[in-house]
Structures are given as structure tokens and as C-alpha cells.
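A quick write-up on the structure given underneath.
Computed from the coordinates by the stated procedures, all read-outs in this text should not be read as laboratory data. Since this is a predicted model, take the numbers as computed values, not measurements. So basically every Cβ, Gly included, is an ideal-geometry build from the backbone, and we count neighbours across all protein chains shown.
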Amino acid sequence: MTRKNERIVSPEFSSLSASIVTTLKDQILHWQYPPEHRLTEAELCKQFNVSRSPVREALRILATDGFVQRMPNRSYRVKQHNLQEIEELYDVRLALELFVVERLATRNEAIQSDIAALKRTWTGLLNGSPRKDEELARLDTQFHETLAHASGNKSLLRQLRAINERLMLFRIIDFAKTHRAASTCRQHLDILKYILAKNVAGARKAMQKNIEEGRNNVHSAIKDALARSYSM
């Protein structure tokens, strides 16, 4: 039975919304809009040749996922960070994760099962079929947050999760880079190897290499994308 205030969503409506979300997400990820670009329902209705309902639903989903931000006048703007903000997030992330691997490498007996599970996952990804950039970005986030959780520091984990939420778009950009998936698999396996060997210096070096490569990929990709978006 349908509740009184529950809105019934038809399959056609859901399909239209999903298609709009996919297209806009791809355009935002590839920086086809400059930062702060304003999106209106009327504009999008015309672009996709649909009514306002699927457009509203698509914008709501994109806002929930952090791709756009709702404005007071019911329009939306593309939510993109500037390079300085991104650099600062990577700096804080690096500091937190170097602490994590240092702590884990000195007390790895308690996390053997976590490490074994992560090793199976990333060995399988290295030897398996290609995955989509977004799926890899989420698995990468899960890898780092699993290690942070294993460290036993709940405050650190909360801070890392907050940073990761803001970096998700940039992680997806990172995995769009050729060979980045294979490189990440090897780097993650190296991190686990050094933790198991109780090699603090090796674990720190492997983690820094993993994060810095991502930072460099994102930095160059965003600079190129920004140049393209402003020239359109």
C-alpha cells in the first residue's frame, strides 16, 4: 500500500532522471563547466527536451552526491574546488595517512584479517578485468579508510572520511589517467607488504608515493580542464 504523502515514481521518470544524472556528472567530471557555473531547470529542460520533474530529481541527486550545490533562488551551481583548496586537502590527507601506516606497521598483529582481505581485493583488481573510474575511486577510498579504521583512532577516521568526501570527484579524475588503476593496485599491495613486514619507513614511503601520484595526476588534469572550460 502506498503511503498518503509518498510520491510514486514511474519507471520512465526514473530512467529520464538517471540519464540526465549520468550526462551531467560526466560533463562536470570532465570540467566542461567552469567553476560556479549556474544550472537552471529551464536550461536543462531545453537541453534534454524533458519536463521539469526529471530535471528536478536529477539535480537533487547530483546535489546529494556533491556535484552541484543548491542556491537560494532554486537554481544550482557546479560545485568545483580551486587548486589551492585541493592542494590543502591532499596535504592534510597525506599527514593523516602517514600516521596511519606508521601506527599499523608497529602493531600489525591485530589487523592481519583486514590486511589479508585488502590484499585479496587489490590482487584481484590487478589481475582482473578493467573497472569504471568511479568504481575504482570508491574502492580506493575504501582501502584507505579501512587502514584508518584499523589504526583505532576514531577522530582520525572521521577527519579522513570528511576529506575523502570532498576529494571523491578528484579521485575519479585520477583514475581516468592511463595505467593509474594498475599503478594503484601495485602501490596498495606495497603498502600492505611493508605494514606486514613492520617496515615503518617502507610503509610511509609507499603511502606517500601513492598519494602524491594521485595529487599530481589531478593537478595536471584540472589545469588542462580549466583551460578548456574557460575557452568554450
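Couple of notes before you dig in:
- Normalised by the number of residues in region 11-78, the mean separation of alpha-carbon contacts (under 8 Å, six or more apart) gives a relative contact order of 40 percent.
- When the trypsin sites (Lys or Arg not before Pro) in region 129-232 are filtered for DSSP coil states and for at most 14 other beta-carbon atoms within 10 Å of their beta-carbon, the remaining sites are Arg131, Lys132, Lys198.
- From the C-alpha gyration tensor of region 46-184, square roots of 5λ in Å: 33, 19, 14
- The chain, helix-only ellipticity at 222 nm - DSSP H runs n ≥ 4, -39,500 (n - 2.57), divided by all residues, nearest 500: -25000 deg cm²/dmol
- Sorted by Cβ neighbour density within 10 Å, fewest at the top, the residues Thr184, Thr23: Thr23, Thr184
- 3J(HN,Hα) from dihedral phi, region 42-58, Karplus parametrisation 6.51/-1.76/1.60, rounded to Hz, x for glycine, proline: 4, 4, 6, 4, 5, 4, 9, 6, 9, 7, 6, 4, x, 5, 4, 5, 5
- Database remark: amide H of Leu39 closer than 5 angstrom to the amide H of Tyr76, Arg77, Val78 (H placed geometrically; neighbours at sequence offset of 5 or more, or on other chains; Pro and chain starts carry no H).
- When the charge dipole of the chain is built from unit charges on Cβ atoms (+1 for Lys and Arg, -1 for Asp and Glu) and taken about the Cα centre, the candidate among Gln32, Ala197, Asn108 whose Cα reaches farthest toward its positive end is Asn108.
- Restricting the GluC sites (Glu not before Pro) of region 36-112 to loop positions (DSSP other than H, G, I, E, B) with no more than 14 neighbouring Cβ atoms within 10 Å leaves Glu36.
- Dipole size of region 4-162 about its Cα centre, with +1 on Lys/Arg Cβ and -1 on Asp/Glu Cβ: approximately 580 debye, rounded to the nearest 20.
- Annotation: amide H of Val68 within the under-5 Å range of Ala63, Lys79, sequence separation 5 or more or interchain, hydrogens built in the peptide plane.
- Think of each Lys and Arg Cβ as +1 and each Asp and Glu Cβ as -1; about the Cα centre, that makes the dipole of region 71-180 roughly 360 debye.
- Relative pair counts by distance (%), Cα atoms of region 11-78, 5 Å bins: 3, 19, 31, 29, 14, 3, 0
- Residues Met207, Met168, Met71, sorted so that the one with the fewest Cβ neighbours within 10 Å comes first: Met71, Met168, Met207
- Cα lying deepest toward the dipole's positive end in the chain, options Ser19, Asn216, Thr184, charges on Cβ: Ser19
- Estimated inter-spin distance, Glu165 and Thr22, nm [label 7 Å along Cα→Cβ]: 2.8
- Mean separation of Cα contacts under 8 Å, 6 or more apart, over the residue count of the chain: relative contact order %: 24
- For the chain, the fraction of alpha-carbon pairs in successive 10 Å shells from zero, as %: 7, 28, 29, 20, 12, 3, 0
- Of Lys46/Lys79; Lys25/Lys132; Lys25/Lys177; Lys119/Lys223; Lys25/Lys223, those spanning more than 24 Å from alpha-carbon to alpha-carbon: Lys119/Lys223
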